[in-house]
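Only the coordinates and a few stated rules stand behind these numbers; no lab work does. Given the structure is predicted, the values throughout are model-derived calculations rather than measurements. All Cβ positions, even for glycine, are placed from backbone atoms using ideal geometry, and neighbour counts span all protein chains on display.
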Amino acid sequence: MPASPAGGHQPAADRQTPAADPCRPDGRGEWLRFAPVQPLFRARAAQRLAVLAYHGVTDPRSFGAQLDRLRRLATPVSLDAVQQAVTERRPLPPRSVLVTFDDADRSVLTHALPALNDRGIPAAAFVISELIGTERPFWWHEADFLARHGGRARSLDCGHPSQLLRRLKAMPDPDRRRSLHELRVSADRRPPRQEQLTPADLLALREGGVAIGNHTQGHPCLGRCDDVTVRAEITGAHEALTRWLGEPPAAFAYPDGGHDPRAEAVLQELGYRLGFLSDHRLGPRLPHHPLQISRLQVDSTTSTRRFDTILSGLEPAYRRWRGHAVA
């Protein structure tokens, strides 16, 4: 879950709006496409691995245009291909791009999968296991809804409402859970249900070329969890996914976007081959640290012009130069 400003309630798909997942940055910069250095960045990117980190797909037409762009400018690769490159210590082809989705709401099945299949592009989806087969909203959407409908929590009584999710994310995990509980019991309305993927849907995604990975049980920010919770979040999701898929997952996406050494130790024990960050960077075609692979943050509404600057690495470099925080 990449770092983000908090704000009003939005659908649980893309995370570019203020109502986003609490760990994700926002930004613009289509004008960068015309910067004189863009060709240089594009040439450099040809020798790097671009892993695109989506959430859901709210704009299928724009998403399809992005995939068409990938087919023209890049070499889409699968999660298995990245794993094989790591195992054999053989770099991926130039201009390699892996498409991934965090949280895996239903739009990954209903919108992303058909578009990917139409173009023969593989992908990977990282799953929050405790939501599978339920109608529960993502906790950050629930918190925002509850706060806007009278919910109160002692730890959230000060500050502007737009900072709600940022403050929840910054809390130690027990405090976050306690504050969510207080919001639930004090709000005058319950949040609307959100239909989540089912175990059968996970199998359908895998059959369609979308590999399934671990995104923890409940999507906490791991850096705010104690050691026991870090282990339980990873192993609980691992066991559930192994049961549903008939085989253990081999890839993990850190829900707080940043690397956690305790989480990496658990992943190594469980035999994970790949771990993905949300640091808005390109990585080497042969990942130096397979459990710390960089990803670029993008969503389905991103224009093709801005999409090009993200894919080249120019927009991420500009953001770092301007001092925009990323997870």
Sequence ranges 86-94, 37-45, ranked by mean other-Cβ count within 10 angstrom, highest first
37-45, 86-94
Over 10 Å intervals from 0, what percent of Cα-Cα pairs in the stretch 205-327 sits in each interval?
12, 38, 33, 15, 1
Nearest 0.05, what FRET efficiency do ASP227 and ARG148 give at R0 = 35 Å with Cβ-Cβ as r?
0.50
Directionally averaged shadow of the stretch 119-229, computed from the convex hull of its alpha-carbon atoms, nm²:
8.5
How much length is gained if the chain between ARG89 and TRP321 is pulled fully straight, taking 0.36 nm per residue apart and subtracting their Cα-Cα distance, in nm to one decimal?
80.3 nm
Given the -39500 (n - 2.57) contribution per DSSP H run of 4+ residues, what per-residue ellipticity at 222 nm results for the chain, rounded to the nearest 500 deg cm²/dmol?
-11500 deg cm²/dmol
When all C-alpha to C-alpha distances in the stretch 37-164 are sorted into bins of 10 Å, what percent of pairs does each bin hold, rounded to whole numbers?
11, 31, 27, 19, 12, 1
Backbone N under 12 Å from the GLU269 label point (7 Å along Cα→Cβ), restricted to the stretch 229-258
229-236
The stretch 142-186: equivalent-ellipsoid semi-axes (sqrt of 5 x gyration tensor eigenvalues, Cα, Å)
14, 12, 9
Estimated translational D of the chain in µm²/s (Stokes, Kirkwood radius over Cα pairs; 10 °C; 1.306 mPa s):
80
Give me the one-decimal nm value for the distance between modelled label points at GLU195 and GLU135, 7 Å along each residue's Cα-to-Cβ direction.
1.0
If the only charges are +1 at each Lys and Arg Cβ and -1 at each Asp and Glu Cβ, what is the size of the charge dipole of the chain around the Cα centre, to the nearest 20 debye?
1120
